[in-house]
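Data block below; observations after.
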Amino acid sequence: MALQGTEQVIQRDPALFLWILLPITIVMILTGVLRHYATILLQTPPKPPSTPPEARERQFLTRGAVLRGNLPSSGLSPASFQVRKDYLIDNYKKGNFLKMGPESRGQAAPNPMSDPAAMEGMMGMMKGNMAMMIPQTLIMSWINAFFAGFVILKLPFPLTIRFKQMLQAGVMTRDLDVRWVSSLSWYFLCLFGLQSVFIFILGNDNAASQVTQQMAMANPMGAQGMGGPMQPGQDPDKMFLAEAENLEVLEYWNVLEGVEERLLSSE
Amino acid sequence: MSTQIQYYNHDDPATAMNLSQKASSLLSKSSLKRKSQVVSIVSAIEEPSEWAELEQVFLACLRTGDDESAHLCLERITTRFGAANHRIMGLRGLYQEAEAKTEEDLRRILQGYNQIVKEDPMNIPIHKRRTALIRSIGMPGDALECLVQFLASFPSDTEAWCELSDLYQQQGLNQQAIFCMEEALLLAPNAWNLHARLGELNYLASQSAQEGIATNEKYLTEAVHRFARSVELCQDYLRGYYGLKLATDKLSSLPQSKSTNGLASETLRRLNTTAVAKLKHIVKQSSSTASGPRKAELIAAQALLDQSGS
């Protein structure tokens, strides 16, 4: 056990800084930049609908959402709102907007493996995953092979014993002060801590950091929501029925109520 | 009123003139020239806004009759984006229509559009050009049908809804026009010009309705609401105040009805005075600097003020 109150002194070769700390940092930044551009290259833009019925299916789904979202500010009168609501709910329920017509309801959703469009979406996701996994594996093994077991850095502040696991991966010394950081840990710190550097280099919406990538994985709607409401493998009929339900419980209100009073009082 | 679907805002002629005079300087710009693959890697990243500007210049050249520059602009855009791009096809169609000398030419272009739409029903710009062309050669009924079909597949196209509303209004079908304008407003709920337009449509409906005073009052109340909303969204909107004054005048001249949802006469009076004051203010402020359509609007506003003797 290290004595309390005494500082451990380790003589470090200054070459450690030049040949380990710096290379790891630079390599991590460069891989981040590379990953960003690789992701951009591999990205396929969301495919636009290819036939009018498909466009109709997508756009009528958004139409319901638009009616719900913009109802107050567009100032529809109760009567014209009721007409639209009835029309949409009725057609949603009958499945008139479906790509294949109302007869195609109730059929099992096509196997996503056989649908080329869905297949493409999955390939896109795979590519994204690959761009994340491969460099990570390579660099991890590279660091392990060349730089394992070095103590390269001393933090200027004391830490509790719990941080030992985080900061001294690959160095199995029980007595070493927590402030010493091993090369492998430096790699991990770079892996998770370079986000702000990437924002500085590549701008706000970069694909370099892996933390953001994982967040995008956890929330696919956020990442792909731009491409339209249709997700591969989802049954549009179910989405229509859900939208009909949403419309049914919608409460009417209107921004035109009292607009004259607002106008007069603002003068 | 222009019969073509506009790709950009109503510009007054002076702005279009200025824009089209930029054509030669813009065309000589190196960043918009065609580059070989190698050069494009090392040269600076191209700006999307420059291409958008070139498109605007192209349209302005067509408006001002400078077909030569327009052709050059179109060529430049086409070499960059390819002739199969939907938007480019739309622009090319526009250019051909401008070039057309006779009715016969126009019909041939229309045939071409029909062919394209049949082969690729997803080509939205060509759909729109086709509708506009059908309308401009004097077949509003066909244009209506065309638009209705288009909107059955693409119901979230604000531009098409506005155009349809305009067509219906021209045919005297105010109810339908109002419905279409409401659809457009659902898609763009904060567009004050659409609110004002809907107010105008309601006002027109009230003037032509034969169903009696109650209906008239309903339309007029709605019109007042809409105009009030539009000037709430845009504080110095001349058209909104103009409509507000007209509609409040008409509504207060109607015999008092017992309906409870109408506006109180006190509110109407105050709205009217506000509108008049605002109109006077706008006319006084900008009549010296305005030109083109803006000038015409100001003159109309002045005439309205004179007419009501205030």
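Here, each number is a calculation from the coordinates, and none is a lab measurement. Treat the numbers as computed from the prediction; the structure is a model and nothing was measured. Using ideal geometry, Cβ is built from the backbone for each residue, glycine included, and neighbour counts are taken over all protein chains shown.
Value of Rg to Rh for chain B, rounded to two decimals, is 1.04; Kirkwood radius and Rg both from alpha-carbon coordinates. Note: relative contact order over the range B:191-310, using C-alpha pairs below 8 Å and six or more positions apart, is 23 percent.
May I ask for the distance between the Cα centers of the range A:163-178 and the range B:225-255, given as a whole number of Å? Cα centroid of the range A:163-178 versus Cα centroid of the range B:225-255: 76 Å apart.
By the rule of a C-alpha distance below 20 Å, with chain neighbours fewer than 8 residues away ignored, the lysines paired with B:Lys250 are B:Lys218, B:Lys258, B:Lys278, B:Lys280.
The angle separating the long axis of helix B:103-119 from the principal Cα axis of greatest extent in chain B is about 80 degrees. Evaluate peptide A:251-264: per residue, the Cβ atoms of other protein chains within 10 Å of its Cβ; return the mean as an integer. That average works out to 5.
On a straight-distance basis, which lysines could pair with B:Lys101 in a cross-link, Cα separation under 23 angstrom, same-chain partners fewer than 8 positions away excluded? Excluding near neighbours in sequence, the set is B:Lys128. Rounded to the nearest 10 degrees, the inclination of helix B:174-187 to the longest alpha-carbon principal axis of chain B is 60 degrees.
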